[in-house]
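The values are calculated or read from the model by the stated rules, or taken from the named source; none is laboratory data. Please read these numbers as outputs of a predicted model, since none were measured by experiment. Cβ atoms come from the backbone with ideal geometry, glycine included; neighbour counts cover every protein chain shown. For the accessible areas, the whole protein counts, side chains as well, though only heavy atoms, and no ligand, DNA or RNA atoms are used. Shrake-Rupley method; radii C 1.70, N 1.55, O 1.52, S 1.80 Å.
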Amino acid sequence: MENQEKSDVFEQKIKKFIIQNAFLNPLLHDLKGFQPLAYLSAGVIRNWIWSHLHGQKYDFHQTEVDVVFYDAEEINQQRTLKLKSLLEAKYPDQIWDITNQAHVHHWYKTESGHTIQPLKSMSEALSYWPETATAIAVRMDEQHQIEVIAPLGLSDLFELKLRWNDRFVSRGVFEQRVQTKRFLERWPQLEIVN
């Protein structure tokens, strides 16, 4: 989907943007302390980057923040609930959506009503998300460096391309998301591809 040189440039760019961001950088540090293998992901990253590329100020106040992690050993959502409690206490103005990707197969159903196989990793989980520009997660690692997981690449995110990922959802679901999330209204330079 993208060559390595372009991928490296976009990865350095997203890391630089995060380090300079007064909300995301401290949040990643706190998240590392709360749950070292947790990532910020999906809309909070996608929407912020698209707003930045459109010259728009992105307001994180009362924004839904997706946090994902992968822990096949978690029982009864204990770690998920503890993480949510810690984040709500520290950041009460945010709306937290916290998902253990190792357990998605317990509740996720395809459009035809079938269950899915257990996901094997964070990268695999992201590779099924509905849009390529959404399939991104970032965290602060043990060396206080930003780690980026983007199994579908970063090109579409930075090149303002809205591309359907057909691994799990139908074209109809993708088009419904485009409408309900108002992607083209909010970021008019976006281009739907494929």
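Suppose we keep only residues that are farther than 17 Å from ASP30 by Cβ and acidic (Asp, Glu) within the range 65-107. Which one would you say is most open to solvent (accessible area, probe 1.4 Å)?
Looking at the filtered set, the residue picked out is GLU73.
Scan the range 108-162 for residues that are of a type in the set (Ser, Thr, Tyr) and closer than 16 Å to ILE192 by Cα and jot them down.
Result: THR132, THR134, SER155.
If MET122 meets every condition in (1) closer than 22 Å to ASP8 by Cα; (2) surrounded by fewer than 16 Cβ atoms within 10 Å (Cβ to Cβ); (3) modelled with pLDDT under 95 apart from one, which number is that one?
(2)
From (1) at pLDDT 90 or above; (2) farther than 28 Å from GLN189 by Cβ; (3) surrounded by 14 or more Cβ atoms within 10 Å (Cβ to Cβ), pick out the condition that doesn't hold for ILE146.
ILE146 satisfies all of (1) at pLDDT 90 or above; (2) farther than 28 Å from GLN189 by Cβ; (3) surrounded by 14 or more Cβ atoms within 10 Å (Cβ to Cβ) except (2).
If a residue has to be surrounded by fewer than 12 Cβ atoms within 10 Å (Cβ to Cβ) and out of contact with any strand residue (DSSP E or B) (no Cβ under 7 Å at 6 or more places or on another chain) to count, how many in the range 168-194 make the cut?
7
Could you check, for the range 78-92, whether at least one of its residues is in contact (Cβ under 8 Å) with a residue 24 or more places away in the chain and either among the small types (Gly, Ala, Ser) or within 28 Å of PHE10 (Cα to Cα) (or both)?
Scanning the range 78-92 turns up no residue that is in contact (Cβ under 8 Å) with a residue 24 or more places away in the chain and either among the small types (Gly, Ala, Ser) or within 28 Å of PHE10 (Cα to Cα) (or both).
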